[in-house]
Amino acid sequence: MKKILSAVLSALCVLTAAAGFAACGKSGGNGGNGGNGAENGITPETAHCVTQPRRPGDGAVVCDHCGVTLYTGEAEYELSENHRYYIFKLDGVEYSAEGKVILPAFYKGRGEGYLPVLEARFSDRNVTSLELSPNVEYVAINSAVEDVSVSGNSAFYESADGVLFDKQMSSLYYYSSAKTAEKYEVPAGTKELEPRSFRENKYLKEAVLPGSVEFVGGFTNCSALETVVLPDGVREIYSDAFSGCTGIESVVIPASVETIGYGAFEGWKSSQTIYVAAEEKPAGWDEGWNNYSEAAVVWGYKG
Ligand SMILES: [Zn+2]
């Protein structure tokens with residue numbers, strides 16, 4: 001069951017809602033009621049827009065009115081079930097792009113006006129950086145996209161150093177596996193590291209967590225990771241949080257941890273040690289919290 005879940009979660013999925021301001025430099029304002037999205041202050045007149053069909057053989061897709069190159073390649077625009085918005089898709093096979101992608105805020109298909117692009121799904125490993133439009137509500141990103149930024153004033157997304165957070169910088173959603181830094185300091189104030197947020201990064205050796213962090217997940221298969229200190233205040237360690245983190249010599253689980261999910265330390269070797277402040281397994285820890293781990297567990301650790 002667990003393996004199936006892991007497979008299903010092959011892309012990071014982030015759900016938020018829409019709002020914001022324009023990314024397009026063309027018209028500064030007041031584009032009138034351009035249709036969907038106008039309630040957010042984003043209109044087709046003030047944001048990057050794309051119309052299909054574009055010229056055959058033209059590799060660069062540019063904004064209809066400001067002329068900025070949004071991406072090079074071909075994307076799929078799938079109309080939502082309710083026919084009110086588009087889903088931007090790059091599957092990396094039939095539809096692909098290279099390098100940087102600026103997500104258009106609106107798209108005009110056949111026989112209709114512009115509709116907002118509210119979702120984006122990236123499985124294309126050739127995309128190295130992504131600029132989200134301010135009206136995007138949902139994005140699924142594969143781990144090869146090195147830098148994610150957010151244009152304009154999205155109400156629900158924020159980025160810092162190419163790392164994607166919710167607007168309040170409370171939850172860290174996505175840290176690319178392509179980032180080669182050996183050390184990363186999670187910004188102060190962050191409360192949650194989402195499941196799979198750092199997954200598959202093979203460069204990161206040290207993750208510094210601020211005292212504000214309460215929920216920890218996402219280091220799945222970060223095999224270079226050597227040092228992570230869980231602040232006293234962490235309440236939950238998610239399932240799979242440190243699975244495959246075979247570079248860590250030892251970790252200390254502070255007394256504040258009430259919950260640990262299934263297989264949080266899967267794949268750990270007998271040379272690794274889990275020091276636990278609690279004298280025995282707290283009731284909130286999953287029965288399988290330490291499944292598939294050979295690590296030594298030392299209870300009642302006093303530091
Ligand atoms: Zn534009």
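The values are calculated or read from the model by the stated rules, or taken from the named source; none is laboratory data. Just so it is clear, the model here is predicted, and its values are computed rather than measured. In this analysis, Cβ positions are derived from the backbone assuming ideal geometry, glycine residues included, and neighbour counts consider all displayed protein chains.
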Would you say Arg121 is under 27 Å from Phe198 (Cα atoms), more than 16 Å from the ligand (Cβ to nearest atom) and not assigned by TED's automatic domain parsing to the domain that holds Ser197?
yes
Which numbered condition trips up Leu172, out of (1) outside any loop (DSSP other than H, G, I, E, B); (2) in the same structural domain as Ala75 (by TED's automatic domain parsing); (3) under 24 Å from Glu266 (Cβ atoms)?
(2)
Could you tell me whether the stretch 59-80 includes any residue that is part of a loop (DSSP other than H, G, I, E, B), at pLDDT below 90, surrounded by fewer than 19 Cβ atoms within 10 Å (Cβ to Cβ) and away from the ligand (no atom under 16 Å from the Cβ)?
yes
